[in-house]
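Contents: one structure, followed by commentary.
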């Protein structure tokens, strides 16, 4: 009898425990699923050391292309996003170039966790949207996915192109490691807020120390280091000087204004403090290529302050260069022209895209919240409709405040098509049947971002 009572008690306790247990978070079935299997189930727990394994992608019912199991390596990435959260971001390095989810082939990719985003994963998403709409030369493409590592569901992630030099990324001539000639380009550098060996440091005209890390190439000859140091020092001096020809002979005002407008709309108070990229192509045929701001990358500190102040005005983090750059009349004029185009032609599209994105990820966001609830610095994005409204509240106030400062901006004067030898006229605004078109890398787009196909007689 006593034995039967023990059995009954055990069964009742087991049933009670099962009823009280939370359901295990699992794949929502609404997004492609990335499966990572590491060798011997090794954990991916280092930013320095890659772990070997394989990766495959099941698109489920999304209509995107599948990826059969391929060999790859994995490691952690990020700074605060790596150390401050249980949900970790990762880097992927394929053994051979791969096209993933319709994006152009490359070996190098990122899985961004956006665990720090309390606004429905919308900070980076909208920052990248704005970069595309305003027309920066290259914006990293990304796709929301769900991630499974060694059989464990890890939630909602964003498979993103890593910022690198390449044909389909930062499209400049790649500078070779230890090159001793042709050192004028291409260069990809980052204004950084973390010290690393090999950083170049200098002081702004206002006394702030600036650290610049060299992204590509990573190993420098003496000639290369001397060249890049002199370029940065000269650019810094020109920025704080009084000669417009000297400054704009080195810095592309169009790209600088586009980059700034994205950051100002996003109210990103860390935008010129870290993850701030610049690049320069090689000088060719006696023509000096200018430094260009971009691409955009990290909007983790967007909308973290009040919306009625400039990003360089008493910033939370030091905002290198931009406070001085914003004083130049040529820069102000270009920003005003870009603001006019965006306010009149793109603003509604931004809001529509936000709504579409929220619909796409809502179910996966709920499962992600279930997976990470109670984790270190957990951000609850389970109710995406509420998070969308929170984001739009800040975004709309920001737009209204910028309108109070800039008005409608300045309508730029379209330029005629420049008949160059290669048929390109980079970044020019042109008329076609009364319609304003934008030339980006030789391809024409409408102000709403639609590519325009010209017939042969118009080329």
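Results for (1) out of contact with any helix residue (DSSP H, G or I) (no Cβ under 6 Å at 6 or more places or on another chain); (2) surrounded by fewer than 15 Cβ atoms within 10 Å (Cβ to Cβ); (3) assigned to a helix (DSSP H, G or I), shown as yes or no for each residue.
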{"residue": "361", "(1), (2), (3)": "yes, no, yes"}
{"residue": "367", "(1), (2), (3)": "yes, no, yes"}
{"residue": "376", "(1), (2), (3)": "yes, yes, no"}
{"residue": "379", "(1), (2), (3)": "yes, no, no"}
{"residue": "400", "(1), (2), (3)": "yes, yes, yes"}
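Residues in the range 402-412 that are in a helix (DSSP H, G or I) and in contact (Cβ under 8 Å) with a residue 12 or more places away in the chain: 402, 403, 406.
Here the condition is being surrounded by fewer than 21 Cβ atoms within 10 Å (Cβ to Cβ) and assigned to a loop (DSSP other than H, G, I, E, B); of 99, 182, it holds for 182 alone. Does residue 247 satisfy being under 20 Å from residue 334 (Cβ atoms) and in a helix (DSSP H, G or I)? In short, yes. Can you go through 78, 127, 120 and tell me which one is modelled with pLDDT under 95 and buried (at least 21 other Cβ atoms within 10 Å of the Cβ)? Being modelled with pLDDT under 95 and buried (at least 21 other Cβ atoms within 10 Å of the Cβ) holds for just one of 78, 127, 120, which is 78.
Listed here are the residues, each with its yes/no results for (1) over 17 Å from the mean Cα position of the chain (by Cα); (2) over 30 Å from residue 362 (Cα atoms); (3) at pLDDT 90 or above; (4) surrounded by 14 or more Cβ atoms within 10 Å (Cβ to Cβ).
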position: 150; (1), (2), (3), (4): yes, no, yes, yes
position: 154; (1), (2), (3), (4): yes, no, yes, yes
position: 166; (1), (2), (3), (4): no, yes, yes, yes
position: 173; (1), (2), (3), (4): yes, yes, yes, yes
position: 206; (1), (2), (3), (4): yes, yes, no, no
position: 219; (1), (2), (3), (4): yes, yes, no, no
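Residue 340 fulfils the conditions (1) within 21 Å of the chain's Cα centre (by Cα); (2) more than 19 Å from residue 249 (Cβ to Cβ); (3) touching a residue at least 60 places away in the same chain (Cβ under 8 Å); (4) surrounded by 17 or more Cβ atoms within 10 Å (Cβ to Cβ) except for a single criterion, (1). Among the residues of the range 326-336, write down those that are surrounded by fewer than 17 Cβ atoms within 10 Å (Cβ to Cβ) and assigned to a helix (DSSP H, G or I). Residues satisfying the conditions are 329, 330, 332, 333.
Restrict the check to the range 54-66 and report whether at least one residue is in contact with a helix residue (DSSP H, G or I) (Cβ under 9 Å, 6 or more places away or on another chain), surrounded by fewer than 18 Cβ atoms within 10 Å (Cβ to Cβ), at pLDDT 95 or above and more than 30 Å from residue 195 (Cβ to Cβ). The answer is yes; a qualifying residue exists. Restricting attention to the range 191-236, the residues that are in a loop (DSSP other than H, G, I, E, B) and without any contact (Cβ under 8 Å) to a residue 24 or more places away in the chain add up to 6.
The values are calculated or read from the model by the stated rules, or taken from the named source; none is laboratory data. Treat the numbers as computed from the prediction; the structure is a model and nothing was measured. Because the Cβ atoms are built from the backbone with ideal geometry, glycine has one as well, and the counts that use them run over all protein chains shown.
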